[in-house]
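Here's the structure we're looking at; comments come further down.
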Amino acid sequence: MLHADAADPLLPAARAQLEAAGHRCDVVGYGDAALALYRERRPDWVIFGNDCRYLDRLPPDTRTALLYHGIGVKACYYDAALARFSVRFSEGAFRTAELQRLYPGGRFVDVGFAKLDPLLDGGDEVEAFDLRAAGLDPARPTVLYAPTFYPSSIECLSRHWPAEIGDVNVLVKPHLLTWTSEKYAAQRKRLQAWSQLPNVHVAEPAAFSLLPFMAVADVLVSEASSAIFEFAALGRPVVWCDFYRLRWSYRGPLRFRHERRMDQTINGFRDVGAHVSRPGHLPAVIRQELAAPQGHAAGRARCTSQLIGNTDGQASVRIADYLLGTSSRYTARLPRTIAATEKRETTCSRPVAP
């Protein structure tokens, strides 16, 4: 189920990707329109990727699950509203323990991070990004720059920084809000400048998934973001940008707003990779990580164990087992009404944009 306006320009691309994967989908509007449809269909389960404002108005026999859309480096990962689902699937021992401590009445099941399954199970579910088709040389090392929208490092970097590593492919995968929000016009100007360089490819808005780009990258660069920890779970080096642009309302004596926005426990996982404090140092640190990719292997392994959990590529299977009540590992922990439920209809609700 895609929650989207019918005129959303990205809707055709989203439907095409689902159809290519063999999934039938329906489109419904936000809010009351979605609620009306769920009340009509009365599914056994609705799976959400974020908070749901009408959770208490769903049919009483419909159970709900939260499959959060990222590892979460912002404080909202721990919002109380996200503990109100019938079950929240969590990632790793650290986050599961934190959630259970904060919300002892909630149900949290550590399954791992399902988004990474296609890259971890050795299958061919992810079609790797075609470097050659983008005019890049597959024989060269490849860097994936995946900045978030706020606070972002994009505006801090020069218009020509990729040229300083001209013998390296640079893939730029911006957050969707960088493309769509009026606030980030300055970011789009940087993207336009970088796209003119011969060793750079800037992903278009319709390229929803980060996975095809991760599949071909040797190093990932980002700020404190979910992408950092997702890529580290693949056993490859990451570069963490400690520089970013804050709005005036987040600077000086108001910086506490930024601190409050971010999950401060993430600072305990800074050993996941190399850090860059100044924009001008980024090319050198990228070369350093390409030359010695095992330099932060121990930190990557520790962070992955705590924040991602099991990396056997079977997180999706564990989720399905729980939902359908067929796994002996989980059935004993399920309420009897869930364990005995027949397999009827499961509806997965995701927004169009990741």
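The values are calculated or read from the model by the stated rules, or taken from the named source; none is laboratory data. What you are looking at is a predicted structure, and each value in this text was computed from that prediction instead of being measured. Cβ: placed from backbone, ideal geometry, glycine included. Neighbour counts: every protein chain shown. Heavy atoms of the whole protein, side chains included, go into the accessibility calculation; ligands, DNA and RNA do not. Shrake-Rupley method; radii C 1.70, N 1.55, O 1.52, S 1.80 Å.
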Expressed as a whole number of Å, what is the distance separating the alpha-carbon centroids of segment 16-60 and segment 143-207? 33
Phi to ³J(HN,Hα) by Karplus 6.51 cos²θ - 1.76 cosθ + 1.60 over segment 90-104, Hz, x for Gly, Pro: 10, 10, x, 5, 5, 5, 4, 5, 5, 5, 5, 5, 6, 10, x
How would segment 46-202 be classified by its alpha-carbon gyration tensor: rounded, prolate or oblate, with rounded meaning a/c under 1.5 and the a/b versus b/c comparison settling the rest? prolate
Would you work out which of 184, 162, 232 lies farthest towards the positive end of the dipole of segment 157-241? Charges go on Cβ: Lys and Arg +1, Asp and Glu -1. 184
With a 1.4 Å probe and every protein chain left in place, work out the accessible area per residue of segment 93-179 in Å², rounded to a whole number. 43
The summed charge of the residue 136 Cβ neighbourhood (under 12 Å; Lys/Arg +1, Asp/Glu -1) stands at -1
Accessible area of segment 1-146 belonging to carbon and sulfur atoms, whole % at 1.4 Å probe: 49
Segment 265-317 - percent of accessible surface contributed by carbon and sulfur, probe 1.4 Å: 54
Model label zone, residue 101; criterion: amide N under 20 Å from point 7 Å along Cα-to-beta-carbon; scope segment 46-77: 71-77
Using 0.36 nm per residue of separation minus the Cα-Cα distance, give me the extension gain between residue 208 and residue 39 in nm, one decimal. 57.9 nm
Please give the charge dipole size of segment 32-145, origin at the Cα centre, charges +1 on K and R Cβ atoms and -1 on D and E Cβ atoms. Round to the nearest 20 debye. 540
Step through the residues of segment 292-303 one at a time and calculate ³J(HN,Hα) from phi using the Karplus curve (6.51 cos²θ - 1.76 cosθ + 1.60, θ = phi - 60°), rounding each to whole Hz and writing x for Gly and Pro. 9, x, 8, x, 10, 4, 5, x, 4, 5, 5, 5
With charges only on Cβ, +1 for K and R and -1 for D and E, what is the dipole size of segment 151-224 about its Cα centre, in debye, rounded to 20? 260
Sort the following peptides by mean Cβ neighbour count (other Cβ atoms within 10 Å, averaged over residues), highest first: 11-21, 221-231. 221-231, 11-21
